[in-house]
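Read through the structure below, which is laid out as structure tokens, and then see the notes.
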Amino acid sequence: MAGEPAAFPPPAPARPRIRWGLPDVAIAWVVGIVAAVVTGSIVAAAAGIDSDRVSDDVGVLLASVIGQAIGVVGTLALVAGRKGRGSLAADFGLVARMPGDRWTTATLWLLAGVALQLAILPFLQLVVNVHGKVETQEVVEQFEQARGATLVLFAVLVVTVAPVAEELLFRGALLRALQRRMTPAWAVFVSAVAFAAVHPLSSPTIGSIIAVPGLFALGLVSAAVAIRTGNLSASILMHAGFNLLTAVSVLAAR
């Protein structure tokens, strides 16, 4: 009606200020390691496994992988709720979002991870030429020893749970924290170095050290993809494809 003041929509609520950073990422990583040790120890104690055989038991390793993932994801969920925007999606980009034909795009990213793994194989051949053989990572060796339902569960964890937890930590939390301190290019590089370095730190074997260049390459490409897409959906699928080739090769060798 004439003479009445115009109605305006209420102002949009201000986004909460993000207060999480590199210390929170480090805490999430430490909590994941502690959770892995605790869950592995519980399973070992329940199964009556001797301490000198714990590192060789597949069941203990499976429990450790699950425990580590729960520790990382749970810690980052708390961090998002207390210091960020309130969710893993809003703070770290953990969403299931694919442009266009979702299944086709997802398959292409999965195959991109497989292709990246294949592209790294010639560099591993150089290691064979120098050392005469390539010692696999401890996790791969235990994967090769798995049988039956344990083998299937191992494959599922390697291709699903591990990529989600690692991408959330390194490309979701670490990469975004670094971007607030440095250029995107440097953030990609530093996050890739950290991703490659923590694997031999948690499992200091020759096999883990040999895997560092491949992990660094995965970290570089995955971080670049995460920055370009703005979320973790593509990088998780690529990481899953990277791991999938190892899982398929172990299964095919039986």
Checklist entry - Which residues, counting only those in region 63-105, are assigned to a loop (DSSP other than H, G, I, E, B) and either touching a Ser or Thr at 6+ places or on another chain (Cβ under 7 Å) or modelled with pLDDT of 90 or more (or both)? => result Gly84, Arg85, Gly86, Ser87, Gly93, Leu94, Val95, Ala96, Arg97, Met98, Pro99
Item to check | Odd one out for Ile49, checked against (1) part of a helix (DSSP H, G or I); (2) open to solvent by less than 40 Å² (accessible area, probe 1.4 Å) | outcome: (1)
Checklist outcome for this item: When restricted to Leu151, Leu118, the only residue at pLDDT 55 or above and open to solvent by 50 Å² or more (accessible area, probe 1.4 Å) is Leu118
Checklist outcome for this item: Only unsatisfied item for Leu111, checking (1) touching an Asp or Glu at 6+ places or on another chain (Cβ under 6 Å); (2) open to solvent by 50 Å² or more (accessible area, probe 1.4 Å), is (1)
Checklist entry - Yes or no: Pro213 modelled with pLDDT under 90 and either open to solvent by less than 10 Å² (accessible area, probe 1.4 Å) or not in a helix (DSSP H, G or I) (or both)? => result no
Checklist entry - Of all residues in region 90-110, which are farther than 16 Å from Gly230 by Cα and under 17 Å from the mean Cα position of the chain (by Cα)? => result Leu110
Checklist outcome for this item: Contact list, first residue from region 189-213 and more than 25 Å from Ala226 (Cα to Cα), second anywhere and of a type in the set (Val, Ile, Thr) and at pLDDT below 75, beta-carbon distance below 8 Å, six or more apart or interchain, is Ser203/Val139; Gly207/Val134; Gly207/Thr136; Gly207/Val140; Ile210/Val127; Ile210/Val134
Checklist entry - Could you give every pair whose Cβ atoms fall below 8 Å, whose first residue belongs to region 12-29 and is over 30 Å from Gln68 (Cβ atoms), and whose second residue is at pLDDT 80 or above, counting only separations of at least 6 or pairs across chains? => result Arg15/Arg85
Checklist entry - So which of Val25, Val54, Val60 ends up being modelled with pLDDT under 80 and either of a type in the set (Val, Ile, Thr) or closer than 18 Å to Ala162 by Cβ (or both)? => result Val54
Checklist entry - Which of the residues spanning region 180-208 are open to solvent by 50 Å² or more (accessible area, probe 1.4 Å), over 23 Å from Val31 (Cα atoms) and either touching a Ser or Thr at 6+ places or on another chain (Cβ under 9 Å) or at pLDDT below 80 (or both)? => result Ile206
Item to check | Residue that is surrounded by the most Cβ atoms within 10 Å (Cβ to Cβ) [pool: residues in region 23-41 that are of a type outside the set (A, V, I, L, M, F, W, C) and under 22 Å from Gly84 (Cβ atoms)] | outcome: Gly32
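The values are calculated or read from the model by the stated rules, or taken from the named source; none is laboratory data. Everything numeric in this text was worked out from a predicted model, so none of it was measured. Cβ atoms come from the backbone with ideal geometry, glycine included; neighbour counts cover every protein chain shown. With ligands, DNA and RNA removed, areas are computed over all heavy atoms of the protein, side chains included. Shrake-Rupley method; radii C 1.70, N 1.55, O 1.52, S 1.80 Å.
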